[in-house]
């Protein structure tokens, strides 16, 4: 059997089973007497074991086998579920997930799980695991904390050459504080420091796992530098929430991989598909059941991307045909083009729906995260999830996970109070965190709300003035909503003052930037002492969007319809001036005007026009009026990037090709309003 042929399927199904283990363990913790839940966990572990053994990932198979033994004892009433068993089971699932991600990164899925196996064995035999948890766990952590794995040939060569050029090779182990919440942010700051002192060659765990916080409280970095150990240590210790830094000289010769390596070749083939008669029968039944109930197939996302790219070209040609048919006024051609337009419209909906995935793929990791954070912070927490079936484009789903994680962590750490504080305020000791998603028009809304401490406006204002975000004079003009939005500004990302304003705003500017890069927005509502609500608005898809085409002299621009309130033609006499800016009175509100002539420096002759065409746009609670020459009309266009050579072009988010072959630039309304 060609293993690589089935690797992608193995990885995807393993992720699904791991998620199933997580969600069912959470259910079991709430209802430990529910044997049906135990059976579901057993089935997932059993299937994962069989798949892993067949693919040759023996460490994965062995660990799931040990889990299976414990679960079998529970469902046969030989063991009773308690918090210790749940904690060890969650640890086992974390290790399984880590091994799967190692396979995704091209590794062999190997991991030292001896301590975990010892705990599972102790549970199965009815022994206490406390000694293992305290003593042996510490020794395992110590043993792993100073370990850098084998080096490849390139890494070995770089390290050897650095020694020849009088550089030092250091192994730097960094220990984070217990309960550190923004671990990924701390890792990033440490890497920033080290990259100023030398060159980072390797990390353990790998960078992707560090970014996703798939590690305990320590990580190790291999560094080439001419600085001494004390200097490096002092620089790292300036990063907050670092408890310890251990630096040692790294001997490259002890870690280099021999040229010819054939990892455990002999004997491994014999282990690929060893299953008991009972296992084989179970697998046959599972296969039969899945064939009866499943009407879905797995399609690689790259194929869907390729299909979308081809359809985007079809949309461009469709626009060209519509234009030609309109100019020729040929009845049969027009009828054919109209039919093609209807068919391609249906095809567009089908392709977009194929790319849609439930937001549950993001939401399903939060219950486990909330449980662990509540436990670490000694808080009582109840997570409520609604609208998990709401669908979003895959490209949006891939990007929205990290901002949501950040907002949820923020709510738990700095929003929800401790049981004692809540009791003093007359609140239930158990805090509530709600996650809600729903469709509205061409957008999806995601809401994260808590019944915690809320946002202290006075502290927000004080900090905003101190950081130069606003002035004393501006304070009186700000509404409550505008004050709450201030915590999303970059001036609030001050790590040294995390305790200020309940920690709200630490890194929230990154959340805001990520959401806005997806064409979305974020709004905040809060009542001090009662809680907060963060509302995120996102487009359903990023590939094909509806726009209003406008013309400025001979240049065409596309304005996303989702940002437009309405269009208007105003008399020049209606334009007023305030703070050296042109403004108009729009339905009782003062709206600033922005001339696209001036913004994009469009060459034109001076004309004394009596009337102006205006497009009123909105972003959050801010509005602006764009002055254009002509309204062309509404179109569905294909969003194309400007490429690597035209990055960070002000107020332009991309381009599109029109039916006549002309290129229209797509306006970034967020940048224009700012």
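Where helices (runs of 4 or more DSSP H) sit wholly within region 440-486, those with at least 3 residues that are within 31 Å of the chain's Cα centre (by Cα) occupy 457-466, 480-485. Residue-level check: of (1) surrounded by 14 or more Cβ atoms within 10 Å (Cβ to Cβ); (2) touching a residue at least 40 places away in the same chain (Cβ under 8 Å); (3) closer than 28 Å to residue 410 by Cβ, residue 352 misses just (3). The residue that is nearest to residue 189 (Cα to Cα), among those in region 210-229 that are in contact with a strand residue (DSSP E or B) (Cβ under 9 Å, 6 or more places away or on another chain) and in a helix (DSSP H, G or I), is 210. The residues in region 376-400 that are modelled with pLDDT under 85 and over 17 Å from the mean Cα position of the chain (by Cα) can be counted, and the count is 1. Residue by residue through region 234-256, note down the ones that are surrounded by fewer than 16 Cβ atoms within 10 Å (Cβ to Cβ), part of a helix (DSSP H, G or I) and touching a strand residue (DSSP E or B) at 6+ places or on another chain (Cβ under 7 Å). 237 - this is the single residue of region 234-256 that is surrounded by fewer than 16 Cβ atoms within 10 Å (Cβ to Cβ), part of a helix (DSSP H, G or I) and touching a strand residue (DSSP E or B) at 6+ places or on another chain (Cβ under 7 Å).
Of all residues in region 288-312, which are part of a helix (DSSP H, G or I) and modelled with pLDDT of 70 or more?
301, 302, 303, 304, 305, 306, 307, 308, 309, 310, 311, 312
Please note which strands (runs of 3 or more DSSP E) are completely contained in region 528-643 and include at least 2 residues that are under 30 Å from residue 358 (Cβ atoms) and under 28 Å from the mean Cα position of the chain (by Cα).
Working: elements: 531-539, 544-552, 555-560, 564-571, 576-578, 581-586, 589-595, 611-619, 622-628, 630-638.
By residue number, 531-539, 544-552, 611-619, 630-638.
Where helices (runs of 4 or more DSSP H) sit wholly within region 349-428, those with at least 2 residues that are farther than 27 Å from residue 516 by Cβ occupy 366-376, 419-424.
Yes/no per residue for (1) under 28 Å from residue 186 (Cβ atoms); (2) touching a residue at least 12 places away in the same chain (Cβ under 8 Å); (3) crowded, with 17+ Cβ neighbours inside 10 Å:
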site	(1), (2), (3)
404	yes, yes, yes
428	no, no, no
437	no, yes, yes
440	no, no, no
444	no, yes, yes
469	yes, yes, yes
490	yes, yes, no
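Would you mind stating whether residue 610 is at pLDDT below 80 and either within 23 Å of residue 308 (Cβ to Cβ) or assigned by TED's automatic domain parsing to the domain that holds residue 325 (or both)? So residue 610 does not fit the description; no. When the residues of region 161-189 are narrowed to those that are touching a helix residue (DSSP H, G or I) at 6+ places or on another chain (Cβ under 6 Å) and part of a helix (DSSP H, G or I), which ends up nearest to residue 104 (Cα to Cα)? The residue in question is 184. Determine, yes or no, whether residue 389 is surrounded by fewer than 15 Cβ atoms within 10 Å (Cβ to Cβ), farther than 28 Å from residue 428 by Cβ and either out of contact with any helix residue (DSSP H, G or I) (no Cβ under 9 Å at 6 or more places or on another chain) or touching a residue at least 12 places away in the same chain (Cβ under 8 Å) (or both). Considered against the rule, which asks whether it is surrounded by fewer than 15 Cβ atoms within 10 Å (Cβ to Cβ), farther than 28 Å from residue 428 by Cβ and either out of contact with any helix residue (DSSP H, G or I) (no Cβ under 9 Å at 6 or more places or on another chain) or touching a residue at least 12 places away in the same chain (Cβ under 8 Å) (or both), residue 389 comes out as yes.
Residues that are more than 17 Å from residue 182 (Cβ to Cβ) and crowded, with 17+ Cβ neighbours inside 10 Å were ranked within region 206-226; the one that is nearest to the chain's Cα centre (by Cα) is 206.
The values are calculated or read from the model by the stated rules, or taken from the named source; none is laboratory data. No experiment lies behind these values; they were computed from the predicted model shown. Glycine gets a Cβ as well: all are built from the backbone with ideal geometry, and neighbour counts include every protein chain shown.
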